[in-house]
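The values are calculated or read from the model by the stated rules, or taken from the named source; none is laboratory data. Every value quoted in this text rests on a predicted model; they were computed, and no experiment measured them. For neighbour counting, all protein chains shown are included, and Cβ atoms are generated from backbone atoms with ideal geometry for every residue, glycine included.
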Amino acid sequence: MSQTNNSGDRVLIFDTTLRDGEQCPGATMTFEEKLEVADLLDEMGVDIIEAGFPIASEGDFEAVSAIAKRVKRAVVAGLARASFQDIDRCAEAVRHAQRPRIHTFISTSPIHMKYKLQKEPDEVLEMVRASVERARNYVEDVEWSAEDGTRTEIDFLCRCVETAIKAGATTINIPDTVGYTVPEEYYNLFKTVRERVPNSDKAIFSVHCHDDLGMAVANSLAGVRAGARQVECTINGIGERAGNAALEEIVMAIKTRNDVLPFWTGIETRMLTRASKLVSAATSFPVQYNKAIVGRNAFAHESGIHQDGMLKHTQTYEIMTPESVGVTKTSLVMGKHSGRNAFRAKLKELGYELGENALEDAFNRFKALADRKKVIYDEDIEALVDEEIATATDRIKVVALTVIAGTSGPQSATLTLDIDGKHQTVQATGNGPVDATFNAIKQLVPHTAVLELYQVHAVTEGTDAQAEVSVRLQENGRTVTAKAADPDTLVASAKAYVAALNKLLIKRQRGAPAQRFVDSTAKLTGV
């Protein structure tokens, strides 16, 4: 919440993710998903939840009805066209809500009245009166919307608003249904209507903006500055066509720039990322990486200049903290644009302390890797450094391997390893030649690592192809991956497994938080 708490500066958040958001092609949610989203919206402090369009289908009616019964704090609204059948159905759906609202609407622009409604302005005006009065017979909280309000003639819009308030509407919404307006125009529209309509002080004015020209959030905030005190928006900005104003952007704009937007909301902002992920999963709509507030890159930095600034002071490139929206921490993304300071910080985070010469060498190899690979993960950097260290400091090496396999079984492997300069030999059996080989390694180097991945690839074609084996071991939450190649698949398997064990030893030496080898291994390797 913002520090301001004057009731006149309170902006109500009307979330229409479950209604307008779900109308986005392909974004339909199941009954259970709608209930889960509604619960989270209520928990995070949304003031009004537009739960659906009850007349649209039996499923929509049931969802609105169920949400009305379970929501504890928020107003629950249902949408209805300006027809008695719609309004009656909506009233039935929301009747169990602790705070029910009927939201009824009709088009008011010349193009909509002529081609969509095929009605004259006076007919539309009468429908406004009748629909609001009908809704008011059921509930005290009635919202009326002028569909395509921003393309409506101002005189007629004022007449409609005055009529709706006189008929009992408590909230007046003037939506930018097709994303047509610009901030200055929308500001003047609200200012004019509120000044010209004599009973405008008896209703709360609301904004509802679509993003067809990319100005939904800017337009919404312009309406708030002009006196609107309700914002209709959706999580992640989902909605028809280009979407709606994004709830998270509205809320954080008010919170972050409270100096020029001196308003406040009741939203718990630390739940914004959680809400974003839930809606994304429910609708199967991914959030674009560079999406404001909740995008994957919203608190990520790759540029060396930016990373250097962030390491010195976070406010150099972040205007809000990641924690304020529910993100754990800032991410310094390692890539070809990263500088030495960020690379040094990343190595320290991973448990490496390198001298200047070693650091320079590692940084150059990192840059070369970044030119070939789009995404550099922590594991890539660990492998890059560990591989260089391992070539000179491998404490375990494969010396010899003999495997007996066939249909008669059991399969067995005789393995000799060089462990800290001493040769050790053992014979082991297993369920197949690879299992026997790995069992032999475990006898010579006891450990608690779990084999998560074993893959074999042929480097070239033909029966004489060199085999490349990948092994991934996991120990106490830390994972290492190693590869080895050999014309003999079993030898390559043994080398890859041993290489992974060497990496685990290196992590232990540098104090990485991986589980250490058991005492017998420590004694065996002399550490």
- Message: For the range 315-345: of the residues being of a type in the set (S, T, N, Q) and at pLDDT below 75, which is nearest to ALA368 (Cα to Cα)?
- Response: SER331
- Item | Selected residue (criterion: modelled with the highest pLDDT) from residues of the range 475-501 that are farther than 14 Å from ALA436 by Cα and of a type in the set (S, T, N, Q) | THR481
- Those residues of the range 138-171 which are within 37 Å of the chain's Cα centre (by Cα) and either within 14 Å of ARG196 (Cα to Cα) or among the basic types (Lys, Arg) (or both), in sequence order: ARG151
- Query: In the range 245-301, what residues are small (Gly, Ala, Ser), surrounded by fewer than 20 Cβ atoms within 10 Å (Cβ to Cβ) and out of contact with any strand residue (DSSP E or B) (no Cβ under 6 Å at 6 or more places or on another chain)?
  - Reply: GLY266, SER280, ALA281, SER284, ALA292, GLY295
- Query: ALA66 fails exactly one of the following numbered conditions: (1) more than 24 Å from GLU162 (Cα to Cα); (2) in contact with a Cys (Cβ under 6 Å, 6 or more places away or on another chain). What is the number of that condition?
  - Reply: (2)
- How many residues are out of contact with any Leu (no Cβ under 8 Å at 6 or more places or on another chain), buried (at least 23 other Cβ atoms within 10 Å of the Cβ) and touching a residue at least 24 places away in the same chain (Cβ under 8 Å) when one looks only at the range 51-67? 1
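Yes/no matrix, rows are residues, columns are (1) in contact (Cβ under 8 Å) with a residue 12 or more places away in the chain; (2) crowded, with 20+ Cβ neighbours inside 10 Å; (3) in a loop (DSSP other than H, G, I, E, B); (4) outside the structural domain of GLU147 (by TED's automatic domain parsing):
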residue: ILE172; (1), (2), (3), (4): yes, yes, no, no
residue: PRO175; (1), (2), (3), (4): yes, yes, no, no
residue: PRO198; (1), (2), (3), (4): yes, no, yes, no
residue: ASP201; (1), (2), (3), (4): no, no, no, no
residue: GLY223; (1), (2), (3), (4): yes, yes, no, no
